[in-house]
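Worksheet for the structure shown next.
The values are calculated or read from the model by the stated rules, or taken from the named source; none is laboratory data. Since the model is a prediction, treat every value here as computed from it, not as a measurement. Cβ placement follows ideal geometry from the backbone for every residue including glycine, while neighbour counts extend to all protein chains displayed.
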Amino acid sequence: MDKIVSLCRRRGFVFPSSEIYGGIGSTYDYGHYGVLAKNNIRELWFQTMVQERDDMVALDSAIILNPRVWEASGHVGGFTDPLVDCRTCKLRFRADKLDEAQCGRRPSKHPGEYSECDLTEARQFNLMFQTHVGALEGESSLAYLRPETAQGIFVNFKNVLQIARRKPPFGIAQVGKSFRNEITPGNFLFRMREFEQMEMEYFVLPQDAEQWFQYWVEERFRWYLNLGLRESHLRKREHEASERSHYSSATTDLEYLYPIGWSELEGIANRGDYDLTQHTQHSGAKLEFVGEDGERYTPHVIEPAVSIDRILLAFLVDAYDEEIVAERQRTVLRLHPRVAPVKAAILPLIAKNADMVDRARSLYQELRKGQIVEYDDGGAIGRRYRRQDEIGTPFAFTIDDQTLEDDTVTVRDRDSLAQERLPLAGVRNWLGDALERPWQTPKPS
Ligand code: GAP
């Protein structure tokens with residue numbers, strides 16, 4: 001994990017938030033390459049979940065909802081973690097995760113293991129951030145930053161049903177920030193207090209819920225494999241009844257083997273009719289499906305939910321590689337080309353050669369209309385390749401002496417380091433095709 005954190009920092013993927021003021025716990029800012037990689041992940045998710053399907057619509061609901069939403073959903077009463085304080089070191093820990101927590105003393109042990117540790121009884125701590133709406137602060141202005149995007153979907157169920165004229169099975173997909181006042185955040189992008197969720201609520205006939213649940217577990221598992229995650233590092237894990245959230249009758253996590261061990265990357269839950277029933281009872285609006293023949297029922301809901309941040313961390317961990325090439329160490333991010341922040345680098349071999357620079361610049365101008373590409377003429381060609389390897393750029397086009405003679409360029413492959421020559425005029429199409437090709441990591445599993 002340290003190597004990933006350091007690379008992200010060094011190359012401007014991720015910075016600790018408000019760093020010049022000492023940062024703020026487990027909140028991160030994304031720099032240029034981080035933004036580009038996140039955009040790619042969001043677009044790939046949206047493409048698979050919405051664009052390429054007939055049964056899906058998109059939504060972008062507000063972050064701050066009527067607080068009664070969170071009473072109905074059970075979050076005000078139940079979105080809690082058990083918390084213990086240590087009266088000696090003044091740190092706070094999740095009572096159910098003491099064996100994973102580090103005590104404040106040195107050498108570090110688990111809380112409670114030193115004789116001086118003085119832990120309080122566990123009490124329930126609500127993870128929702130509170131805020132106030134309007135100029136007056138008081139009970140009546142209390143509101144929450146959403147801890148999941150899902151509730152914005154449920155409260156819009158009727159709108160979508162009527163205006164988008166949908167009938168089950170259909171889904172509503174949404175991407176947006178969620179906020180949780182995690183007690184023990186940490187492990188870089190894995191557990192943050194502000195993160196970007198991608199959630200989809202799939203409304204089905206009650207008797208079909210189990211079948212759709214299995215369907216979505218398989219769909220989502222395959223999505224990661226198609227984007228090149230090593231199968232040896234991805235697994236499905238069914239939740240025990242005692243682990244499940246209050247709304248869930250079945251949950252399967254897709255777990256990735258992060259440096260911290262197997263941990264939840266994405267959760268797929270069968271939420272039954274819990275949410276629509278709760279909101280019907282609390283709001284008085286009937287959130288049910290009524291067919292043309294008069295049949296009426298409350299659909300059941302299957303939910304795949306994940307954050308872009310956890311996906312990015314999994315992709316970075318899976319991609320990170322070091323190898324010796326020509327007696328020098330090279331650090332390379334073997335990212336799927338569609339996830340990679342920059343798709344190609346355009347490099348004039350000799351930066352002082354005006355003809356090479358002209359050709360390279362005009363190729364750059366042409367390619368940037370369709371893809372994120374970079375032009376780089378700073379330093380020796382080997383160093384420029386290394387810089388691109390470190391941010392995971394899959395292809396580099398080099399303009400050299402031969403280009404000036406026959407209008408061809410060299411394309412270098414990040415993974416195999418193989419080089420071939422292409423006609424300059426065909427580079428744009430070649431790159432488009434290369435990005436569409438299936439890709440598998442050369443990293444051993
Ligand atoms: N709507 C259901 C829901 O929110 P969850 O298991 O609490 O379920 C879903 O969260 C996903 O959101 C997780 O699988 C994970 O990918 C992501 N996630 C949850 N808490 C997170 C955090 N503190 N930091 C980053 N990602 C988080």
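So, Ile268, is that one within 14 Å of the ligand (Cβ to nearest atom) and buried (at least 19 other Cβ atoms within 10 Å of the Cβ) or not? Criteria met by Ile268.
Checking Ser248, Ser263 one by one, the residue that is within 15 Å of the ligand (Cβ to nearest atom) and assigned to a loop (DSSP other than H, G, I, E, B) is Ser248 and no other.
Mind checking which residues of region 115-126 are assigned to a loop (DSSP other than H, G, I, E, B) and buried (at least 16 other Cβ atoms within 10 Å of the Cβ)? Once the filter is applied, which keeps residues that are assigned to a loop (DSSP other than H, G, I, E, B) and buried (at least 16 other Cβ atoms within 10 Å of the Cβ), region 115-126 yields Cys117, Ala122. Considering Ser26, Ser61, the condition of being at pLDDT 95 or above, surrounded by 14 or more Cβ atoms within 10 Å (Cβ to Cβ) and not in a helix (DSSP H, G or I) is satisfied by Ser61 alone. Pairs are defined by a Cβ separation below 7 Å, a sequence spacing of at least 6 or placement on different chains, a first member in region 90-112 that is free of Cβ contacts under 8 Å to residues at least 60 places away in the same chain, and a second member that is β-branched (Val, Ile, Thr); the pairs so defined are Ala95/Val84.
For every residue, the table says whether it meets (1) over 30 Å from Leu422 (Cβ atoms); (2) within 16 Å of the ligand (Cβ to nearest atom).
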| residue | (1), (2) |
| --- | --- |
| Thr277 | yes, no |
| Ser283 | yes, no |
| Gly294 | yes, no |
| Val306 | yes, yes |
| Arg310 | yes, yes |
| Val317 | yes, yes |
| Ala326 | no, no |
| Val342 | no, no |
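Of the residues making up region 407-424, those that are surrounded by 11 or more Cβ atoms within 10 Å (Cβ to Cβ), without any contact (Cβ under 8 Å) to a residue 60 or more places away in the chain and either of a type in the set (Lys, Arg) or not in a strand (DSSP E or B) (or both) are Asp407, Arg412, Arg421.
Taking the condition out of contact with any Gly (no Cβ under 7 Å at 6 or more places or on another chain), away from the ligand (no atom under 14 Å from the Cβ) and of a type in the set (Asp, Glu), does Glu288 pass?
Values: out of contact with any Gly (no Cβ under 7 Å at 6 or more places or on another chain): yes; away from the ligand (no atom under 14 Å from the Cβ): yes; of a type in the set (Asp, Glu): yes.
Yes: the conditions hold for Glu288.
Would you check if Ile172 is touching a strand residue (DSSP E or B) at 6+ places or on another chain (Cβ under 6 Å), touching a residue at least 12 places away in the same chain (Cβ under 8 Å), within 23 Å of Gly284 (Cβ to Cβ) and not in a helix (DSSP H, G or I)?
Details: touching a strand residue (DSSP E or B) at 6+ places or on another chain (Cβ under 6 Å): yes; touching a residue at least 12 places away in the same chain (Cβ under 8 Å): yes; within 23 Å of Gly284 (Cβ to Cβ): yes; not in a helix (DSSP H, G or I): yes.
The answer is yes for Ile172.
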